[in-house]
1. Using amide H atoms built in the peptide plane, which far-off residues or other-chain residues are under 5 Å from A112 H to H?
2. Just to be sure I understand the model, the point goes 7 Å from the Cα along the line to the Cβ. What's the resulting R98 to M139 distance in nm?
3. Which whole-Hz ³J(HN,Hα) couplings does segment 71-82 yield from phi under the Karplus relation 6.51 cos²θ - 1.76 cosθ + 1.60, θ = phi - 60°, glycine and proline marked x?
4. Could you order peptides 25-34, 5-14, 49-58, 110-119 by the average number of other Cβ atoms within 10 Å of their residues, highest first?
5. Tell me which residues come under 5 Å, amide H to amide H, from S125 once H is placed; ignore anything under 5 positions away on its chain.
6. Whole-Hz ³J(HN,Hα) for each residue in segment 53-66, computed from phi via Karplus 6.51 cos²θ - 1.76 cosθ + 1.60 with θ = phi - 60°, x for glycine and proline: what do you get?
7. Accessible area per residue, 1.4 Å probe, Å², for segment 32-144: what's the number?
Amino acid sequence: MRVQDLTGAERAVALYASDMPSGRRRHSPEQLREWIVQGVERLGLEEVGRRAAFRYGHKLLEMSGLVTVQIQQRHEQRFPKTGRLAVADQQSSNSICRDGMSEATRLRNGAAAVDGDCPCRGTRSIRIHLEEGNDRLAMMCPVHAQASIRAHREGSRQVFDQRDDVRHTPRHTRESHA
């Protein structure tokens, strides 16, 4: 396994699961690579990817103030030590600066998922209530509408099918109820 084949979120999850010390200090690139590999070996590559997608989904919802109690609880179960997670995130960033990412990894970087009921309920849109009786305003879900948001930022009018842009957990979308 090559570290370059892991996204930043996957490296952070692997570092969190490894023997890396939780204190903030400098580590050699070789030592970071060893801890990343150790974390992947402990959790397995599939589980590292799954947790990384949930971590990034949580982060996207958190930045928008949309984390539900259920999503927060599952995040805290997965990552109970917030300081350690912050150190793992920082060291992951250092690893990316030093080791880079393969092209295939860059293409799948930013995969997000929600572990639980997303505020959009799988619709890719979240209603915003500013005043009583005025519920016509909505925002795109930062997790489930990633492709549309990216296209809008890039000025593209192309519409994407976001079902291919995010992974879902059971009971998460209308598709799972069909």
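The values are calculated or read from the model by the stated rules, or taken from the named source; none is laboratory data. Every value quoted in this text rests on a predicted model; they were computed, and no experiment measured them. Backbone-built Cβ (ideal geometry, glycine too); neighbour counts: all protein chains shown. For accessibility, only protein heavy atoms count, side chains too; no ligands or nucleic acids. Shrake-Rupley method; radii C 1.70, N 1.55, O 1.52, S 1.80 Å.
1. R167
2. 3.7
3. Couplings: 5, 5, 4, 5, 4, 5, 5, 6, 10, x, 9, 5 Hz.
4. Taking the mean over residues of other Cβ atoms within 10 Å, the ranking is 5-14, 49-58, 110-119, 25-34.
5. Result for S125 returns C141.
6. 5, 5, 4, 5, x, 4, 4, 5, 5, 4, 5, 9, x, 10
7. 56
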